[in-house]
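One structure below.
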Amino acid sequence: QVQLVESGGALVQPGGSLRLSCVASGRESLYSIAWHRQAPGKQREWVAHITSGGTTNYEDSVKGRFTISRDNTKYTVYLQMNNLQPEDTAIYYCNLPLLGIWGQGTQVTVAS
C-alpha cells in the first residue's frame, strides 16, 4: 500500500519561507506527484506538479514564489515556498494522481 506523508507546515510571517516535504513509500512514488491546498471554507486547489522526469507546472498565483522538486533517491518531493502571503494559508496535501492517493496534509499558516 503506497502512502504519502507530508511535513514541514508551520506558522510563518508574511514574506517568510517554508519547505514542505512529501515522502512516499514504494516504487510508485517515482511517478508524477502534485501538491494541492485547501484554505478554510474553500475547495481544494492544485498548486504544482512534477513528473517523474522533473518537468514542473505551477498554478499562476504561486509562479515565481514556489518551487517543486524531487529527490528520487529519497522518494521525496519538496515544495519550497518563498514570499508567503496570508492567502497562502491552507492545509497542503501531496497527491499521487496515477493511483489517486493523498497524504494527510500539513498546515501552513501565514500571519503576523
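A short reminder: the numbers here are calculations on the coordinates, not readings from a lab. Since this is a predicted model, take the numbers as computed values, not measurements. Note: ideal-geometry Cβ built from the backbone for every residue, glycine included; neighbour counts use all protein chains shown.
Given a Förster distance of 22 Å, report the FRET efficiency between Asn82 and Ser25 from their Cβ-Cβ distance, rounded to the nearest 0.05.
Efficiency, from the Cβ-Cβ distance: 0.15.
GNM, the chain, Cα, under 10 Å: largest mean-square fluctuation among Pro86, Pro97, Pro40?
For the chain, modelled as a Gaussian network with Cα springs under 10 Å, the answer is Pro40.
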